[in-house]
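Remarks on the structure that follows.
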Amino acid sequence: MEIPEVLRPGEVAKLLRVTLRTLHRWDADGSLPARIRSKGGHRRYLREDLLTFLGKSMPPADRTAAIYARVSTRKQADAGNLERQRLRLMEWAATEGYHVVLQALDIASGLNTKRKGLWKVIHAARDQEIGFLLVEYPDRLARFGFTYLVELLAALGVEVIVTNAVEPEDGQAELVKDLLAIVTSFSAKLYGMRGGRKTREGLKKLLEEVGNSGEPREAQGSGRP
């Protein structure tokens, strides 16, 4: 089939067997730019750009992937943790032969179910735009309920791949904060806000003792069983 000099997005999507949303992402990141606009402002693609794109030995469609990176706080993001996480995932994907079509990032607790980046991944899975989801550690995707998300994505045809087995130390610190948030929330509901504050203060004191010595005070040096 002869490819015309100028193509509409629908024609390109059909040729490449991808969605229009994927084409828009490729246009935005420069992978396959739509260099022409019609009088009505609609995207148009040049044949030479499409042929160049096809000649880049793209991985097969079943290697199309999204990456998901998350940090809990703006301070961590400002320190470059989120960007380094993203770059490590992109490097891993390139080394292993995955074609990344979605980079989803969040600055939020792993307990937060309203993360925009996470929902972008779920929507991309629903729309059959990805076959894989790459994350560094399970807790980056979800602090609790990781298995449920894996099963949900699998039902949508997406396999979750964890690229690292050992969680870094700062991830363990985030776990402590999330546990503190859970206990504080439940104690506040049970005993009222005053009780919640007391519980939080007590837990903070205990965590300080653990952080300073490695174990709670009552377990130290007593010499007794």
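The values are calculated or read from the model by the stated rules, or taken from the named source; none is laboratory data. Fair warning: this is a prediction, and the values are worked out from it, not measured in the lab. Here Cβ is always computed from backbone atoms with ideal geometry, including for glycine, and neighbour counts include all displayed protein chains.
General remarks:
- Residue selected from region 19-49 under the condition acidic (D, E) and surrounded by 15 or more Cβ atoms within 10 Å (Cβ to Cβ), by the criterion nearest to K120 (Cα to Cα): D27
- Filtered residue count, region 135-163, keeping only those that are farther than 22 Å from L111 by Cβ and not in a helix (DSSP H, G or I): 6
- Matching residues, region 83-93, being free of Cβ contacts under 8 Å to residues at least 40 places away in the same chain and within 20 Å of A124 (Cα to Cα): R86, M90
- Filtering region 65-74 for residues that are in the same structural domain as R126 (by TED's automatic domain parsing) and in contact with a Lys or Arg (Cβ under 6 Å, 6 or more places away or on another chain) leaves a non-empty set.
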